[in-house]
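Okay, so here's the structure we're looking at.
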Amino acid sequence: FSFAALAQRPSDRDLPRIDRSGVHPALIVEGKPFLMLSAQVNNSSAWQGEMPAVWRTLNDLGVNTLEAPVYWETLEPEEGRFDFAQIDMLLREARAHKKHLVLLWFGTWKNGSPGYAPEWVKRDPARFPLSLKADGMPVFSLSPFGTASLAADERAFTTLMRHLKQSDPQHTVLLIQVENETGMWGSMRDHSPAADAVFTQTVPAAVLQSMGKAKTHGNWSEIFGQDAEEFFSAWAIARYVQQVAAAGKAVYGLPMYVNAALRDPIHPGGPGSFESGGPTFDVLTLWHAVAPSLDGIEPDIYLPGYEENMAVLRQYSADGNALFVPEIGNRPEYARYFFAALGHGAFGWSPFGMDATGYVNAPLGAAHIDADALHPFEQNYRVAALFGGQLAAWIREGRVQGIAEDHVRHTEDIVLGNSSWKATVSYGLPSFWTDKPAPGNKVPAGEALIVNLGPDEFLVTGLHCRVDFSSMVQGKQHMWISVEEGDYTQGIWHRTRLWNGDQTDYGLNFFDEPQLLRVRIMSYE
Ligand code: N0T
């Protein structure tokens with residue numbers, strides 16, 4: 001026995017963490033940047049009896065991480081009596097399948113509602129009050145001013161974290177999602193007497209400062225005008241979540257994040273069109289300021305359009321937020337946003353509703369979870385696997401650019417980071433010569449990923465697209481020096497063949513085959 005050994009218990013050493021020393025924040029697992037190739041199961045799938053149907057899908061997809069909910073009602077069926085069977089089941093199952101876990105705390109808020117609160121919470125509205133609408137009618141959302149609700153959630157969550165600290169020295173669990181899509185539908189804010197009393201008070205100075213508000217004194221309406229109710233809700237809910245997260249971290253310091261039900265990023269709708277008080281793009285600064293214990297605020301993407309997706313990735317990677325995508329729809333047209341997320345620095349990606357339990361969340365997601373539906377998502381992770389674990393480090397270093405098919409313009413020019421080259425990515429072209437403009441793919445499935453290895457050296461991969469290079473120096477043309485296809489194993493590039501002739505004369509054409517190219521190029525005039 002030695003004290004040194006005690007201090008080095010695996011649970012204290014090498015905790016998964018977010019590292020901010022690079023161009024993009026990275027998730028560090030066992031000392032190295034880690035890219036979570038993940039999938040989330042349906043809400044009611046994290047039960048022992050459903051796990052065979054879960055693994056059937058996840059193993060096909062080629063994930064390294066499973067996102068699964070932990071239910072408050074199941075963890076604490078009677079007040080103060082905790083049952084860890086569901087969590088232990090998830091740990092056991094994940095380890096048996098050699099996967100990591102992201103656990104989702106379905107507590108006070110699940111899509112804004114307390115559906116997962118235990119019966120003893122639901123049946124005691126005097127102690128655990130619901131929010132009220134302006135007309136005094138309750139909404140199915142716990143009041144963020146309910147002090148007993150906060151204390152109860154905090155106790156359950158810290159109990160969960162204590163249990164994980166004891167039962168997971170090998171860090172099967174990488175990350176914790178605190179609540180699920182916080183906020184409220186059906187009212188812009190809580191109108192309970194407790195809430196009303198605070199709404200007319202002055203906005204806390206710390207909030208004003210963090211938001212760079214010129215006005216330094218005023219109540220919520222005076223400072224935020226017609227957005228007052230939304231900002232008030234965001235503040236009240238972020239403050240509640242901060243206390244839950246901070247208490248949990250004090251017990252066991254895993255990285256923690258919240259997920260957002262998005263507000264339309266380009267044409268934000270008015271009251272009622274989005275979940276008020278959740279971490280929508282317009283209140284991200286406030287959320288970051290009020291909830292510093294969160295390591296990230298992450299988008300749940302159910303907007304299929306190209307422009308919307310690019311806007312969401314920009315908004316949620318801005319200001320140093322550690323981006324990952326904890327949910328994205330599982331319809332085929334969402335698969336093509338994987339590389340674009342990585343290019344924005346994402347340390348993980350996770351289509352939602354990926355299991356063969358029979359439930360599907362169409363029309364949000366695919367109508368059937370079958371081989372066809374899984375295929376484009378599977379190809380994404382196959383391509384990622386060709387990098388042999390190195391992609392996460394290159395993402396952190398800002399070397400990765402990702403391009404998704406723009407289903408309106410069908411072609412896009414990308415300036416390649418610190419180089420004199422640009423790439424033109426086009427969709428729907430044949431792989432031989434053509435003088436026609438790119439028509440786009442029938443189902444927009446195109447995407448490309450380029451890693452900048454040096455001034456004239458790149459890794460290039462893609463699905464359903466053509467990638468051409470051209471010099472940005474006026475009058476200069478280019479020639480390939482070498483286009484090698486291959487993959488990385490433990491950091492070593494392994495070449496399987498050279499591409500030349502038809503395979504390079506009309507650009508680098510990618511279809512449905514996972515192929516990684518290492519390209520050296522030069523210009524001449
Ligand atoms: C998601 C999922 C699950 C455009 C939906 C999305 C998951 C939750 N919520 O299947 O419930 O637990 O985080 C809400 C999307 C609202 C879209 C509104 C119409």
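The values are calculated or read from the model by the stated rules, or taken from the named source; none is laboratory data. Bear in mind the structure is a predicted one, so any value in this text is a computation, not a measurement. Cβ: placed from backbone, ideal geometry, glycine included. Neighbour counts: every protein chain shown. Quick note on the areas: whole protein, heavy atoms, side chains included, nothing else; ligands and nucleic acids left out. Shrake-Rupley method; radii C 1.70, N 1.55, O 1.52, S 1.80 Å.
Results for (1) within 16 Å of the ligand (Cβ to nearest atom); (2) outside any loop (DSSP other than H, G, I, E, B); (3) open to solvent by less than 80 Å² (accessible area, probe 1.4 Å); (4) at pLDDT 95 or above, shown as yes or no for each residue.
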residue	(1), (2), (3), (4)
Asp12	no, no, yes, no
Asn43	yes, no, yes, yes
Asn59	no, yes, yes, yes
Ala68	yes, yes, yes, yes
Which one of Leu294, Leu323, Leu262 is in contact with a Ser or Thr (Cβ under 7 Å, 6 or more places away or on another chain) and within 21 Å of Leu15 (Cα to Cα)? Leu323
When you scan the stretch 437-506 for strands (runs of 3 or more DSSP E) that lie fully inside it, which ones turn up with 2 or more residues that are modelled with pLDDT under 95? 477-489
Exclusive hit being within 16 Å of the ligand (Cβ to nearest atom), touching a residue at least 24 places away in the same chain (Cβ under 8 Å) and of a type in the set (Ser, Thr, Tyr), set Ser276, Ser233: Ser276
State which residue is nearest to Pro514 (Cα to Cα) when the search covers only the stretch 366-375 and only residues that are open to solvent by 30 Å² or more (accessible area, probe 1.4 Å) and more than 15 Å from the ligand (Cβ to nearest atom). His375
Kindly establish whether Ala194 is surrounded by fewer than 23 Cβ atoms within 10 Å (Cβ to Cβ) and aliphatic (A, V, I, L, M). yes
Being touching an Asp or Glu at 6+ places or on another chain (Cβ under 9 Å), within 16 Å of the ligand (Cβ to nearest atom) and of a type in the set (A, V, I, L, M, F, W, C), is that true of even one residue in the stretch 386-393? no
Going by the structure shown, is Ala385 aliphatic (A, V, I, L, M) and open to solvent by less than 20 Å² (accessible area, probe 1.4 Å)? no
Just to check your reading of the model, which residue among Ala26, Ala96 is away from the ligand (no atom under 16 Å from the Cβ), buried (at least 18 other Cβ atoms within 10 Å of the Cβ) and of a type in the set (Gly, Ala, Ser)? Ala26
Taking the stretch 177-186 and keeping only residues that are outside any strand (DSSP E or B) and within 13 Å of the ligand (Cβ to nearest atom), one is left with Glu181, Thr182, Gly183, Trp185
Filter result for Leu174 (part of a helix (DSSP H, G or I) and more than 29 Å from Glu230 (Cβ to Cβ)): no
Could you check Leu262 against (1) within 16 Å of the ligand (Cβ to nearest atom); (2) among the aliphatic types (A, V, I, L, M); (3) open to solvent by less than 20 Å² (accessible area, probe 1.4 Å) and say which number it fails? (3)
Considering each residue of the stretch 279-328, count those that are of a type in the set (A, V, I, L, M) and within 16 Å of the ligand (Cβ to nearest atom), and give that number. 7
Might you let me know whether the stretch 216-239 holds any residue that is open to solvent by less than 10 Å² (accessible area, probe 1.4 Å), at positive phi and over 24 Å from the mean Cα position of the chain (by Cα)? yes
When you look at Lys476, is it open to solvent by 40 Å² or more (accessible area, probe 1.4 Å) and out of contact with any strand residue (DSSP E or B) (no Cβ under 9 Å at 6 or more places or on another chain), yes or no? no
Is it true that Val121 is buried (at least 24 other Cβ atoms within 10 Å of the Cβ), assigned by TED's automatic domain parsing to the domain that holds Val244, farther than 19 Å from Gly353 by Cβ and away from the ligand (no atom under 14 Å from the Cβ)? yes
Would you pick out the residues in the stretch 278-293 that are part of a loop (DSSP other than H, G, I, E, B) and either crowded, with 22+ Cβ neighbours inside 10 Å or outside the structural domain of Gly212 (by TED's automatic domain parsing) (or both)? Gly278, Pro279, Thr280, Ala291
Could you check the stretch 343-365 and list, in sequence order, the residues that are open to solvent by 10 Å² or more (accessible area, probe 1.4 Å), within 16 Å of the ligand (Cβ to nearest atom) and assigned to a loop (DSSP other than H, G, I, E, B)? Thr357, Gly358, Tyr359, Val360, Asn361, Ala362, Pro363, Leu364
